Amino acid sequence: MTKNTGLKRKCGTLLDRDNVAGYVFILPFIIGLVVFTAIPFFTSLYLAFTKYNVLSDPKWVGLANFKEMFFEDELFWTSFKVTFKFALIQVPVKLTVALLVAMVLARATRVTSFYRAAFYIPSLMGGSVAIALLWKQLFSPKGVINQILGFFGLPDDTAWLGNPKTALGTLIALGVWQFGSSMLIFLAAIKNIPSSYYEAAIVDGAGPVRRFFSITLPMLTPIIFFNLINQVIGAFQAFNSSYLITKGKPLNTTLYYGVHLYNKAFNQFEMGYGSAMAWFMLLIIAFFTALIFRSSSAWVYYESEGR
């Protein structure tokens, strides 16, 4: 009798009006999570071990897709190297530019708000088709960039996107140009640094450079860590700029991993192979994320922990 009473009380608590209302509000999110995240997630894991072309049922092939990736598909390693090079260059440059701009905008002036918005807009529009086409036109042989170079007497016939030596750098420049979100995060963190630290440093005779390396940079390390994780993940998942501007050309020098995956899965209808590529990239991202987390104890300073 006591157990039944306790069970009724628990059921009554779970099904009271407030709880039911809460369940109703979170139900769309739960359905979306299951339908659009969980099911595709585990489905792709299964398809990674199958041969599947959409038109026929998946056929189990075991590790054949991974064997083809590592030992038979030359473009797989080419795209991986291009993506790794892209991430290795873009991420530190982008974070450095974002931090420098944030330091400048931390000084309150009448036009600071305007500049904050102006620098943030590219981050909102940077992945759009319109911006990709605009970037393609800017760096075309007769584009604005060459016209500016010609105005100063420099070579004005460079095929920025057609030259294997400059094509990837042009796409990296587009990625760096979208530094607005990281800049705003840095700016908010800079404004949260107590001014008393700087006042004490000035009294001790510390100059601007010393204050930056002794106060600002250590206090920003948790934010640098946060931005670094986000930017590394985003760089390895890069797709739009290569697909919309160069299609991986010239000579596959801008063939991002995501573009090669897309070509395999949606142009050649090798869905099983594409799923295997996606899971391999997931492991790569997890590895580098874990590596950054592992190293954080040596360089990230947390004020609450006194280190």
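Taken per residue, the accessible surface of the stretch 193-307 reaches 52 Å², heavy atoms only and a 1.4 Å probe.
Which of rounded, prolate, oblate describes the stretch 174-277, given a ≥ b ≥ c as roots of the alpha-carbon gyration tensor eigenvalues and a/c under 1.5 marking rounded, otherwise prolate only if a/b is larger than b/c? In terms of gyration-tensor shape, prolate.
Seen from Ile145, the other residues with C-beta closer than 13 Å to its C-beta sum to a net charge of 0, counting Lys and Arg as +1 and Asp and Glu as -1. The residue list Trp60, Val101, Val34 was ranked by how far each Cα lies along the charge dipole of the stretch 31-101 toward its positive end, using unit charges on Cβ atoms, and Val101 comes out on top. Each Lys and Arg contributes +1 and each Asp and Glu -1, all at the Cβ; summed about the Cα centre of the stretch 157-307, the dipole is approximately 280 debye.
If a spin label sat at a point 7 angstrom from the Cα of Lys81 along the line to its beta carbon, the backbone N atoms of the stretch 249-293 nearer than 11 Å would be those of 253.
Taken about its Cα centre, the chain carries a charge dipole of roughly 480 debye when the Cβ of each Lys and Arg holds +1 and the Cβ of each Asp and Glu holds -1. Under 5 Å from the amide H of Lys51 lie the amide H atoms of Lys59, Trp60, Val61, each residue being 5 or more positions distant or on a separate chain, with H modelled from the backbone and absent for Pro and chain starts. Of the options [x] -0.26, -0.34; [y] -0.44, -0.56; [z] -0.29, -0.39, only one is log10 I(q)/I(0) by the Debye sum over Cα atoms at q = 0.07, 0.08 Å⁻¹ as computed from these coordinates, and that is [y].
Based on Cα contacts under 8 Å between residues 6+ apart, the stretch 12-103 shows a relative contact order of 11 percent. The protection proxy used here, the mean number of other Cβ atoms lying within 10 Å of each residue, ranks peptides 32-42, 226-236 as follows, highest first: 226-236, 32-42.
Of the peptides 270-277, 178-185, the ranking by mean beta-carbon count within 10 Å, highest at the top, reads 270-277, 178-185. Highest average first, the peptides 43-51, 59-67, 111-119 ordered by how many other beta carbon atoms sit within 10 Å of their residues are 43-51, 59-67, 111-119. Net length available on complete extension from Phe293 to Val34 is 90.4 nm, with 0.36 nm assigned per residue and the Cα-Cα distance removed.
In the chain, taking the dipole from charged Cβ atoms about the Cα centre, the farthest positive-side position among Thr170, Val20, Leu134 is held by Val20. Each residue, Leu45 and Phe70, gets one label point 7 Å from its Cα in the Cβ direction; the gap between the two is 2.0 nm. Taking every protein chain into account, the accessible area of the stretch 124-171 amounts to 62 square angstrom per residue (probe 1.4 Å). Derived scalar couplings between HN and Hα for the stretch 248-262 equal x, 8, x, 6, 6, 6, 10, 7, 5, 4, x, 5, 5, 4, 4 Hz in order, rounded to whole Hz, by the Karplus curve 6.51 cos²θ - 1.76 cosθ + 1.60 (θ = phi - 60°), x for Gly and Pro. Students often get this wrong, so check it: of Lys142/Lys249; Lys81/Lys136; Lys94/Lys247; Lys94/Lys191; Lys59/Lys264, which have C-alpha atoms separated by over 25 Å? None, as every Cα separation is 25 Å or less.
The values are calculated or read from the model by the stated rules, or taken from the named source; none is laboratory data. Remember, it's a predicted structure, so these values are computed and weren't measured experimentally. Heads up, the Cβs are rebuilt from the backbone with ideal geometry, glycines too, and the neighbour counts pull from every protein chain shown. Only protein heavy atoms, including side chains, enter the accessible area calculation; ligands, DNA and RNA are left aside. Shrake-Rupley method; radii C 1.70, N 1.55, O 1.52, S 1.80 Å.
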